Ligand SMILES: [Zn+2]
């Protein structure tokens with residue numbers, strides 16, 4: 001399998017209708033987060049109704065794009081087929097400043113230097129014509 | 001909540017060896033296990049009035065056959081009112097026992113047969129197994145596109161847990177060694193040759209800090225158990241295995257949503273189960289802890305109260321959890337050494353817990369085994385499930 005073949009089989013997000021604005025913004029290189037207009041909580045990932053108060057009065061707000069690495073792992077072998085050509089790659093749970101967590105990849109880093117609680121900043125990587133994936137790099 | 005302590009009991013168990021049974025269909029493992037469990041229970045097959053199969057991951061076609069009464073027909077069970085699948089991945093054993101107990105307590109069923117079978121060892125390729133576990137229970141929108149799979153899931157918890165508790169890679173490897181010592185004594189286990197910490201530490205790195213020998217491997221296998229009322233159990237069985245307490249907490253679907261990857265919902269689930277059972281962790285004679293990866297055995301062990309936070313690694317290192325130790329743990333060898341058979345990971349553990357209480361565990365029998373705790377968890381560690389079984393009702 002060539003590098004191109006691996007890329008072409010990359011899984012794309014299966015988008016829930018209410019999350020569409022998140023992916024549209026990511027496509028434009030902006031990280032936005034859902035916000036409950038009733039209980040004033042920030043929500044991620046986006047929901048049909050607020051997971052705290054069940055309100056459907058939900059809006060969107062720009063995110064700072066800053067957070068910390070809650071935990072991380074460097075995948076070295078036995079990756080899923082679509083990612084076999086990417087090893088080593090870093091999977092991490094990011095704690096955003098806004099108080100929500102998301103799964104992402106850490107990029108533009110020395111894998112050996114990563115530590116828990118390290119500050120990171122969002123960057124966007126093109127997946128295909130439709131999707132940019134929010135990823136994170138260490139704050140320099 | 002009403003306390004149902006000791007109202008139901010497991011009276012029969014059956015299990016086939018975990019392995020690579022290329023020439024046998026998953027149906028064989030199911031039927032063989034079911035026949036063993038019915039015979040062990042001392043029941044006529046037609047006394048089974050409710051059948052609970054759980055899902056089989058290797059084939060949706062086969063799993064659908066289980067949901068659509070194939071077992072009832074193949075076994076020729078004539079008085080079954082309902083065949084109803086209970087499936088929650090790795091926690092299916094506990095959830096099925098919970099459902100079965102409730103049906104019996106409310107008089108809706110008398111004798112329930114639970115059956116698990118899967119063929120993940122030879123029904124899928126090695127890469128097919130990795131790919132299955134890069135989507136099963138993983139969010140297609142928020143995690144799959146980032147290359148999340150079961151190794152990364154376990155590695156993320158391991159990295160954070162090491163960071164917070166100072167637990168070492170050697171201590172994590174000691175879990176594998178402890179479980180292997182039990183597997184050496186279990187004819188149904190796949191890996192039965194001695195293992196050292198050095199060998200675990202020298203194995204291939206999968207996803208830092210998780211190594212190959214700290215990861216379960218997928219196999220074929222099956223197991224079954226029969227549940228009935230405590231009253232009936234006393235007539236049928238010399239040593240009924242009473243269901244004393246249960247606790248559970250669902251914490252997430254998508255792994256990254258979990259607020260504490262070093263604790264999950266075990267503390268609450270454990271408290272509930274012990275309160276129900278009327279015993280404390282100090283009363284436990286054997287702990288059958290879900291061990292798909294060493295990190296999960298350590299976390300559940302600590303959080304349900306068998307030792308303090310951050311102490312489980314040293315305890316496994318000391319030999320306390322191994323044969324002859326003070327707290328025999330995961331005595332069938334677990335998923336790390338007996339082998340992972342999908343939802344069957346925790347079925348094996350539940351069957352082993354019952355086996356220990358029945359006094360039928362052969363060379364790995366824990367002496368005077370009165371109380372056993374079993375833990376189970378499905379998906380990407382989505383739910384903490386704790387069951388307490390006993391030979392007597394406190
Ligand atoms: Zn709200």
For A:52, B:256, what ranking results if the residue with the fewest other Cβ atoms within 10 Å of its Cβ goes first? A:52, B:256
Angle check, please: helix B:344-358 long axis (alpha carbons) against the longest principal axis of chain B (alpha carbons), in degrees 0 to 90, nearest 10. 60 degrees
Please compute the alpha carbon radius of gyration of the stretch B:36-152, then divide it by the globular-protein estimate 2.2 N^0.38 Å. Two decimals is fine. 1.26
Treat the count of other C-beta atoms within 10 Å as a stand-in for reagent exposure and order A:50, B:69, B:369 from fewest to most. B:69, A:50, B:369
If one computes the Cα centroid of the stretch B:322-394 and of the stretch B:226-260, what distance in Å separates the two points? 12 Å
The stretch B:75-230 - convex hull of alpha carbons, volume per residue in Å³: 190 Å³
Virtual paramagnetic centre 7 Å along Cα→Cβ of residue A:97, amide N under 14 Å, in the stretch A:33-68: A:33, A:62-68
Rg and Dmax of chain B, Cα atoms, in Å? 19.2, 57
Distant alpha-carbon pairs in the stretch B:293-350 (separation over 13 angstrom), percent: 62 percent
For A:78-87, what's the mean count of beta carbons from other chains sitting within 10 Å of each residue's beta carbon? 6
Among the DSSP beta bridges whose two residues both lie in the protein assembly as shown, what percent are antiparallel, rounded to the nearest 5? 85 percent
Per residue of B:148-160, other chain Cβ atoms within 10 Å number on average 6
Counting other beta carbons within 10 Å of each Cβ, put A:112, A:38 in order, fewest first. A:112, A:38
Note: the stretch B:43-109, point scatterers on Cα, Debye, no solvent; log10 I/I(0) at q = 0.12, 0.16, 0.22 Å⁻¹ equals -0.32, -0.56, -0.99
Rg to Rh quotient for the stretch B:338-384, alpha carbon positions, Kirkwood Rh: 1.04
Using a Förster distance of 25 angstrom, determine the FRET efficiency expected from the C-beta separation of residue B:24 and residue B:67, and round it to 0.05. 0.75
Roughly how many nanometres apart are two label points built 7 Å out from the Cα toward the Cβ at residue B:59 and residue B:81? 3.2 nm
Rounded to the nearest 500, what is the 222 nm mean residue ellipticity of the protein assembly as shown from helices alone, with -39500 (n - 2.57) per DSSP H run of 4+ residues and division by all residues? -8500 deg cm²/dmol
Sorted by average packing, counted as other Cβ atoms within 10 angstrom per residue and highest first, what order do B:28-37, B:278-287, B:130-139 take? B:28-37, B:130-139, B:278-287
Bridge orientation stat for chain B from DSSP, antiparallel percent rounded to 5, came to 75 percent
Looking at the protein assembly as shown, what % of the alpha carbon pairs are farther apart than 47 Å? 12 percent
So how far apart, in nm, are the two label points at residue B:260 and residue A:81 if each is 7 Å from Cα heading toward Cβ? 4.0 nm
Hey, could you pull the Cα Rg and Dmax for the stretch A:3-138, both in Å? 15.7, 48
Quickly work out the residue B:326-to-residue A:137 label distance, labels modelled 7 Å from Cα along the C-beta direction, and quote it in nm with one decimal. 5.3 nm
Using only the alpha-carbon atoms of the stretch B:1-102 as identical scatterers, what base-10 log of I(q)/I(0) does the Debye formula give at q = 0.20 Å⁻¹? -1.20
Mind checking the angle between helix B:150-165 and chain B's longest principal axis? C-alpha axes, 0 to 90 degrees, to the nearest 10. 60 degrees
With angles folded into 0 to 90 degrees, how steeply does helix B:92-105 sit against the dominant principal axis of chain B? Use alpha carbons for both and round to 10. 30 degrees
Where both residues lie in the stretch A:3-138, what percent of DSSP beta bridges are antiparallel, nearest 5? 95 percent
What's the average, rounded to a whole number, of partner chain beta-carbon atoms within 10 Å of each residue's beta-carbon in B:247-256? 2
Computed over the stretch B:254-394, the Cα gyration tensor eigenvalues, each multiplied by 5 and square-rooted, give semi-axes in Å (largest first) of 22, 17, 15
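Just so you know, all these numbers are worked out from the coordinates, no wet-lab data involved. The structure presented is a predicted model; accordingly, all values stated were derived computationally and were not measured. When we count neighbours, we look across all protein chains shown, and the Cβ atoms used for this are built from the backbone with ideal geometry, even at glycine.
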